[in-house]
Amino acid sequence: MTQKKEVMQIHREILDFWFGDIVNGDVTSDRNELWWSGKPDIDTTIKTRFEKALLKAHLKDFSSWKAPAEHYLAFIILFDQFPLNIYRKTPKAYDFADHALALCLTGLDLGLDQALAPIQRVFFYLPLEHSESLDHQNQSVALFNQLVKTTSGALKEKMQGFQKFAVEHRNIVAEFGRFPHRNAVLGRTPTSAEVAYLENGGKRFGQ
């Protein structure tokens, strides 16, 4: 199989697994357990199905993927979401974040996010929300604000939920300059304020 065909096959498998069917800008089935539960069996499924692709893609030339919006989205999910499942609560969970962020920023410069359904755009933007740069966090909030403005009905309510989480992430980085919950796994020395934050129920986002 040529590299181009292999990339095409992986991209479709990722999107079908993550979203299922999409109608009127949203998924047609409840994906919350898959996306957010952090259950060990889901982590294992993602590891079994996609770790090989993740490690192989990590070594590939990104230039071969600078094509359709859905290709960008698939590899953003591969690099941003799947490591958090596959390597949960280990340093390797963050090893691929720079690749996801680079694809996100390049895709935004090309306007590729505008070709995607609103629910897909959520995951296109998440590398910004996961970044410990306040500039990226502010950009994330602005993009989620736009999603809310451009949707309606039940989909708008869902986007408002994602907007709330974007603001929450931004506020943590604005206060601490980073995510305190990552300190232990990354071997960073916490400040007293960060210790107090976590001891008083500060968000860990499943990590």
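The values are calculated or read from the model by the stated rules, or taken from the named source; none is laboratory data. Note that the structure is predicted; figures quoted are calculated from it, not measured. In this analysis, Cβ positions are derived from the backbone assuming ideal geometry, glycine residues included, and neighbour counts consider all displayed protein chains.
General remarks:
- Members of the stretch 29-83 that are among the hydroxyl-bearing types (S, T, Y) and either in a loop (DSSP other than H, G, I, E, B) or at pLDDT below 95 (or both): S29, S37, S63, S64, Y72
- Single residue of the stretch 153-203 satisfying the filter (among the polar types (S, T, N, Q) and part of a helix (DSSP H, G or I)) that is surrounded by the fewest Cβ atoms within 10 Å (Cβ to Cβ): S192
- Out of F144, F176, F124, one residue alone is farther than 19 Å from H99 by Cβ, under 17 Å from the mean Cα position of the chain (by Cα) and at pLDDT 95 or above. It is F144.
- Qualifying residues in the stretch 105-119 (those that are touching a helix residue (DSSP H, G or I) at 6+ places or on another chain (Cβ under 8 Å) and small (G, A, S)) - the one surrounded by the most Cβ atoms within 10 Å (Cβ to Cβ): G107
- Per the listing Q137, Q207, the residue uniquely modelled with pLDDT of 95 or more and surrounded by 13 or more Cβ atoms within 10 Å (Cβ to Cβ) is Q137.
- Against the conditions (1) acidic (D, E); (2) over 15 Å from the mean Cα position of the chain (by Cα); (3) under 21 Å from L84 (Cβ atoms), E132 satisfies every one except (2).
- Residue satisfying condition, being among the β-branched types (V, I, T), touching a residue at least 24 places away in the same chain (Cβ under 8 Å) and under 27 Å from T28 (Cβ atoms), within set V185, V122: V122
- Taking residues in the stretch 71-93 that are within 19 Å of H181 (Cβ to Cβ), and partners anywhere that are assigned to a loop (DSSP other than H, G, I, E, B), the pairs with Cβ atoms closer than 7 Å and at least 6 places apart or on different chains are P83/D95; P83/F96; L84/Q207; R88/G38; R88/Q207; K89/Q207; A93/Y87; A93/Q207.
- Considering residues of the stretch 125-166 that are of a type in the set (D, E) and touching a residue at least 40 places away in the same chain (Cβ under 8 Å) only, the residue farthest from G177 (Cα to Cα): E129
- Applying the set (1) in contact (Cβ under 8 Å) with a residue 12 or more places away in the chain; (2) in contact with a Ser or Thr (Cβ under 9 Å, 6 or more places away or on another chain) to D21 leaves exactly one unmet item: (1).
- Condition met for A102 (touching an Asp or Glu at 6+ places or on another chain (Cβ under 8 Å), surrounded by fewer than 21 Cβ atoms within 10 Å (Cβ to Cβ) and of a type in the set (A, V, I, L, M)): no
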